[in-house]
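Peer 1: Let me begin by handing over the structure; questions about it come next.
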Amino acid sequence: MADSPQPAANIGVVGLAVMGSNLARNLASREGNTVAVYNRSYAKTETLITEHPEAGFVAASTIDEFAASLQKPRTAIIMVQAGRGTDAVIDQLVEAFEPGDIIVDGGNALFTDTIRREKAVRETGINFVGAGISGGEEGALNGPSIMPGGSAEAWETLGPILKSIAAVAEGEPCVTHVGTDGAGHFVKMIHNGIEYADMQLIAEAYDLIRRGTGKSPAEIAEIFAEWNRGELESYLIEITAEVLRQVDAETGAPLVDVILDQAGAKGTGAWTVQSALDLGVPVSGIAEAVFARSLSSKPAQRAAASDLPGPSASWTVDDADAFVEDVRKALYASKIVAYSQGFDEIVAGAEQYGWDIKKGEIAKIWRGGCIIRAQFLNRITEAYDENPGLVALLTAPYFRDALTETQEAWRRIVVASAQSGIPAPAFSSSLSYYDGLRADRLPAALVQGQRDFFGAHTYKRIDKDGTFHTLWSGDRTEISAVDAH
Ligand code: NAP
C-alpha cells in the first residue's frame with residue numbers, strides 16, 4: 001500500500017471498536033468516499049473488512065501504511081478509548097502525517113484536553129479537530145449529531161464529509177462548526193449534562209406516578225407514549241415507554257422491577273457540573289441528576305438509612321388523571337430549566353474560552369441523531385433567532401408562556417413529593433432555581449452581612465455607590481471599605 005502511486009482513500013478511521021467501525025461503515029456508504037481503516041490490534045480490522053466487503057475499506061496494518069493510503073491533505077477520525085488511548089494515537093499520527101493534514105478526535109474527550117491537544121498539534125502544522133459525536137453506536141452508523149471544534153480552515157475540508165454522514169433533521173444536517181479548539185467537545189459535554197437532567201426528570205415523573213397512583217409500568221408506558229405525541233415529544237420519552245413495556249423473560253415481571261436500582265455514569269455529567277462550578281453557572285438541575293445517580297449507588301448508606309422515619313401524615317392521590325397531568329407539566333417546566341441552565345453554561349464557556357458559539361445552531365444540530373433529540377429544540381432555536389442576546393432562555397416569550405401554564409402544577413408536584421416522601425430532587429431544585437431567578441430580593445443580602453461579620457469581606461448598598469464594612473467588633477458603625485484598608 002505504501003508504494004501505491006495514487007492513494008485510494010479520501011478519509012480514514014483509527015479505532016475500530018463499536019463506534020469507530022460503525023462510523024467507518026457510515027462514511028463508506030456515502031457517495032464518493034473511500035475509507036481507510038486502522039486499529040491497534042489487527043483482529044478488529046480483519047473482522048470489519050470480512051463482515052463488510054461491500055464497504056470497500058482500505059485496510060492498513062500499520063499507522064504508516066494507513067497514512068500512505070490517504071489522499072492529501074490526509075483526514076483521519078480517531079475513535080479510540082478517551083484519555084491515554086487518544087494521546088497515543090495522536091502521537092503516532094503526528095509522526096506519520098504532514099503539515100496541512102487533519103486529525104479529528106471523535107471520542108468523548110474532556111474539552112480542556114482538546115484545547116491542550118489542539119495547541120500541541122497546531123505547532124506541527126497539522127490541524128487538530130475535537131469533534132463531539134452523539135447518538136451512540138446507532139447514531140455512528142446511521143447518522144449522529146456532530147459537534148466539531150478546531151480551525152475554520154480544517155472545517156472547510158471536513159465540513160462536507162461530516163455533513164454527508166450526520167443525521168438529518170427537517171432537511172438539515174445535524175452538524176455545524178461550533179467554534180475553535182475545544183468548543184466542540186465543550187458543547188458535547190453540555191449535551192450530556194442536559195441528557196443526565198432529562199433522564200432524571202423522566203425517572204422522577206415515573207416514580208411519582210407509580211407510587212402516587214399505583215399504576216403498573218405497562219400502564220405508565222402508555223402515558224409516556226401519549227406524552228410523546230405532545231410538547232414533550234423526544235427520543236428519551238419514546239425509549240422510556242419501550243423500557244417500561246419490557247417484560248423480563250425469566251421472571252415474567254416488568255424488566256424495570258428486576259434491574260438493580262443503582263445508576264452508573266461515565267463521567268460526562270460530572271464534567272458538566274465541575275466546569276459549571278469553575279464558571280460560576282448554577283446548573284442545579286444537571287447537578288441534582290448527577291448526584292441522584294451517586295446516591296442510588298451507595299447501597300451501604302441506603303441500607304443504613306432505610307429505617308429512618310418518613311412522613312407521618314397519610315398522603316393519597318385523589319384524582320389520578322389530574323395528578324398525571326400535573327406531573328407532565330412539572331416535567332415540562334423542569335426540562336425548560338435544565339436546557340436553560342445548559343445554555344447558560346455554553347454562554348459562560350464561550351465567553352471564558354473565546355468561542356463564537358451560535359446558540360440557535362446548537363439547538364438545531366441536537367434535533368436529530370443524538371440522545372436529547374426533541375421537538376422542543378426548535379423552540380430554542382427560534383428563541384435565539386428572535387433575540388441572540390437573550391440572557392436566560394426561560395425568559396423567551398415561548399418558554400415564559402409555557403412556565404406560566406405549568407408552574408402551579410409544578411408546585412403541587414413538589415409539595416406532593418415532600419408530603420409523600422417520594423424523592424424528586426431534580427423537580428424541586430429546578431423549581432427553587434426558577435423561584436430564585438424571579439425573586440425581587442434574595443437572602444444573599446444576609447449572606448453578605450455574615451461574610452462581612454466574620455471576614456470583613458465588605459458589601460455594597462442598594463442606596464449608594466461604594467463598598468462598605470461594618471465595624472462588627474468595634475462600635476458597629478459603618479465605614480467606607482476604602483477607609484478600612
Ligand atoms: P472504546 O471501548 O472506548 O475503545 C476501544 C478502542 O480504543 C479499540 O479500538 C482499542 O484498540 C482502542 N485503543 C485503546 N487504547 C489504545 C491505545 N493506547 N492505542 C491505540 N488504540 C487504543 O471504543 P468505543 O466504545 O467504540 O468508543 C470510542 C470513542 O467514542 C470513545 O472515546 C468513547 O468515549 C466515544 N463514544 C462512545 C459512545 C458509545 O456509545 N460507545 C458514544 C459516543 C462517543 P484495540 O482494539 O487494539 O484494543
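The values are calculated or read from the model by the stated rules, or taken from the named source; none is laboratory data. Model, not experiment: these values are computed from the prediction. Note that we place each Cβ from the backbone using ideal geometry, even for glycine, and neighbour counts take in every protein chain shown. What goes into the accessible areas is simple: the full protein's heavy atoms, side chains included, and nothing from ligands, DNA or RNA. Shrake-Rupley method; radii C 1.70, N 1.55, O 1.52, S 1.80 Å.
Peer 1: I need the peptides 416-425, 450-459, 137-146 ranked by packing, meaning the mean over residues of other C-beta atoms within 10 angstrom, with the highest value on top.
Peer 2: Values: 416-425: 17.8, 450-459: 13.4, 137-146: 21.9.
The peptides rank, most packed first, as 137-146, 416-425, 450-459.
Peer 1: Choose one of A402, L308, V337: the residue whose Cα lies farthest towards the positive end of the charge dipole of the chain (beta-carbon charges +1 Lys, Arg; -1 Asp, Glu; about the Cα centre).
Peer 2: Farthest towards the positive end: L308.
Peer 1: Same structure, new question: If each residue of separation counts as 0.36 nm, what is the full-extension length gain between I239 and A320 once their alpha-carbon separation is subtracted?
Peer 2: That works out to 26.8 nm of additional length.
Peer 1: While we're on this one: Could you report the chain's accessible area per residue, 1.4 Å probe, as an integer in Å²?
Peer 2: On the way: 22960 Å² over 485 residues.
About 47 Å² of surface per residue is accessible.
Peer 1: Once label points are set 7 Å from the Cα along Cα→Cβ at both Q375 and E31, what is their separation, rounded to one decimal in nm?
Peer 2: Modelled inter-label distance: 3.3 nm.
Peer 1: Once the Cα atoms of helix 444-455 and of the chain are each reduced to a long axis, what angle between those two axes, in degrees from 0 to 90 to the nearest 10, is obtained?
Peer 2: 90 degrees
Peer 1: Still on this structure, please answer the following. Would you work out what percent of the accessible area of the range 188-438, with all protein chains in place, is carbon or sulfur (probe 1.4 Å)? Kindly include the intermediate steps, with their values, before the conclusion.
Peer 2: Working: 5970 of 11570 Å².
Carbon and sulfur atoms account for 52 percent of the accessible area of the range 188-438.
Peer 1: Indicate the gyration tensor shape class of the chain (rounded, prolate or oblate), computed on the Cα atoms with a ≥ b ≥ c the square roots of the eigenvalues: a/c under 1.5 is rounded; otherwise a/b larger than b/c is prolate and the rest oblate.
Peer 2: Values: a/c = 2.17, a/b = 1.39, b/c = 1.57.
It is oblate, given that a/c is not under 1.5 and a/b is not larger than b/c.
Peer 1: Rounded to the nearest 0.05, what FRET efficiency do L279 and E226 give with R0 = 41 Å and r taken as the Cβ-Cβ distance? Could you check? Provide the component values of the computation, followed by the final result.
Peer 2: Working: r = 38 Å, r/R0 = 0.94.
The formula returns an efficiency of 0.60 here.
Peer 1: Give the calculated FRET efficiency between A304 and E156 to the nearest 0.05, with a Förster radius of 60 Å applied to their Cβ-Cβ distance. Please list the in-between numbers first.
Peer 2: Working: r = 59 Å, r/R0 = 0.98.
In this case the efficiency is close to 0.50.
Peer 1: Could you tell me the accessible area of M199 in Å² (1.4 Å probe, neighbours in place), rounded to the nearest ten?
Peer 2: Accessible area of M199: about 80 Å².
Peer 1: Let me ask something else. Dipole of the range 188-438, Cα-centred, from +1 at each Lys and Arg C-beta and -1 at each Asp and Glu C-beta, to the nearest 20 debye?
Peer 2: Details: 23 positive and 35 negative charges, 92 e Å.
I would put it at about 440 debye.
Peer 1: How large a share of the accessible area of the range 11-177, in percent, is made up of carbon and sulfur atoms when the probe is 1.4 Å and the other protein chains stay in place?
Peer 2: Values: 3290 of 6840 Å².
Here carbon and sulfur together make up 48 percent of the probe-accessible area.
Peer 1: Here's something else I'd like to know. With the cut-off at 1.5 for a/c, could you classify the range 11-177 from its C-alpha gyration tensor as rounded, prolate or oblate?
Peer 2: Numbers: a/c = 1.41, a/b = 1.06, b/c = 1.33.
In terms of gyration-tensor shape, rounded.
Peer 1: Right, next: How would you order 89-95, 323-329 from highest to lowest mean count of nearby Cβ atoms within 10 Å? Write down the numbers at each step before the final one.
Peer 2: Working: 89-95: 18.3, 323-329: 20.9.
For the peptides 89-95, 323-329, the packing ranking is 323-329, 89-95.
Peer 1: Same structure, new question: Using only Cα atoms and rounding to the nearest 10 degrees, what angle (0 to 90) does helix 42-51 make with the longest principal axis of the chain?
Peer 2: For 42-51 against the chain, the angle is about 80 degrees.
Peer 1: Still on this model: Please list 123-135, 303-315 highest first by mean number of surrounding beta-carbon atoms within 10 Å per residue. Write down the numbers at each step before the final one.
Peer 2: Numbers: 123-135: 23.2, 303-315: 8.2.
Descending packing order for the listed peptides: 123-135, 303-315.
Peer 1: On full extension of the chain, what length is gained from T62 through D440, given 0.36 nm per residue of separation minus the C-alpha to C-alpha distance? The partial results should precede the final answer.
Peer 2: Numbers: separation 378, 0.36 × 378 = 136.08 nm, distance 6.47 nm.
Residue separation times 0.36 nm, minus the Cα-Cα distance, leaves 129.6 nm.
Peer 1: Okay, next question. For the chain, give the share of DSSP beta bridges that are antiparallel, in percent and rounded to the nearest 5; count only bridges with both residues there. If you can, show how the numbers build up before the last one.
Peer 2: Values: 12 of 31 bridges.
Of all bridge pairs located within the chain, approximately 40 percent are antiparallel.
Peer 1: In the structure displayed, which of K72/K364; K335/K364; K188/K298; K188/K335; K119/K266 lie more than 21 Å apart, Cα to Cα? Walk me through the intermediate numbers first.
Peer 2: Numbers: K72/K364 32 Å; K335/K364 17 Å; K188/K298 28 Å; K188/K335 18 Å; K119/K266 26 Å.
With Cα atoms farther than 21 Å apart: K72/K364; K188/K298; K119/K266.
Peer 1: Can I ask one more? Expressed as an acute angle from 0 to 90° and rounded to the nearest 10, what is the orientation of the C-alpha long axis of helix 284-296 relative to the principal long axis of the chain?
Peer 2: Roughly 80 degrees, rounded to the nearest 10.
Peer 1: Rounded, prolate or oblate: which fits the range 327-485 when a ≥ b ≥ c are the square roots of the eigenvalues of the alpha-carbon gyration tensor, with rounded for a/c under 1.5 and prolate only if a/b beats b/c?
Peer 2: Numbers: a/c = 2.90, a/b = 1.65, b/c = 1.76.
Oblate, because a/c is 1.5 or more while a/b does not exceed b/c.
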